[in-house]
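Participant: I have a structure I would like to understand better, so I am pasting it below and will then ask my questions one at a time.
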Amino acid sequence: QVQLVESGGGLVQPGGSLRLSCAASGSIFSIYAMSWYRQAPGKQRELVASITTGGSTNYANSVKGRFTISRDNGNNTVYLQMNSLKPEDTAIYYCNFQTTFPIGGQYVHWGQGTQVTVSS
């Protein structure tokens with residue numbers, strides 16, 4: 001019912017930077033958190049970073065000091081600035097919006113994913 005569109009993935013060298021963005025289509029007024037997850041082949045999907053509409057942030061220990069999550073509540077957009085990238089950051093990155101009320105019968109909404117590859 002709601003579509004999340006991610007962009008910004010690509011191929012970078014170790015130590016490089018990349019900025020991901022994800023925007024929800026239409027107007028959503030019940031979002032309480034936006035997050036970035038990632039999943040590498042053979043591994044579980046893991047939470048990378050999250051941010052509430054109030055601006056409170058949370059990061060996985062593996063990315064602290066290197067990644068920064070931010071959001072534009074008015075545009076229902078979340079960003080992930082990734083610096084000092086490492087080969088182990090290689091994964092498909094998914095954005096996730098959590099809503100207080102169901103939209104299209106769902107409380108959790110996922111993007112299609114964008115590939116981030118850090119060469120080694």
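The values are calculated or read from the model by the stated rules, or taken from the named source; none is laboratory data. No experiment lies behind these values; they were computed from the predicted model shown. Positions of Cβ are backbone-derived with ideal geometry, glycine not excepted, and every protein chain shown enters the neighbour counts. Heavy atoms of the whole protein, side chains included, go into the accessibility calculation; ligands, DNA and RNA do not. Shrake-Rupley method; radii C 1.70, N 1.55, O 1.52, S 1.80 Å.
Participant: Please enumerate the residues belonging to the range 34-63 that are under 14 Å from VAL116 (Cα atoms) and within 11 Å of the chain's Cα centre (by Cα).
Facilitator: TRP36, TYR37, ARG38, VAL48
Participant: Of the residues that sit in the range 57-77 and are modelled with pLDDT under 95 and within 17 Å of GLY8 (Cβ to Cβ), which one is most open to solvent (accessible area, probe 1.4 Å)?
Facilitator: ASN75
Participant: Please go through the range 1-56 and pick out each residue that is in a strand (DSSP E or B) and either open to solvent by 70 Å² or more (accessible area, probe 1.4 Å) or farther than 18 Å from ASN76 by Cα (or both).
Facilitator: Result: VAL5, GLY10, LEU11, VAL12, LEU18, ARG19, TYR32, ARG38, GLN39, GLU46, LEU47, VAL48.
Participant: Within the range 105-120, which residues are of a type in the set (S, T, N, Q), part of a loop (DSSP other than H, G, I, E, B) and open to solvent by less than 70 Å² (accessible area, probe 1.4 Å)?
Facilitator: SER119
Participant: Hey, another quick one. When the range 85-104 is examined, which residues are found to be open to solvent by 60 Å² or more (accessible area, probe 1.4 Å) and farther than 17 Å from ARG38 by Cβ?
Facilitator: Scanning the range 85-104 gives THR100, PHE101, PRO102.
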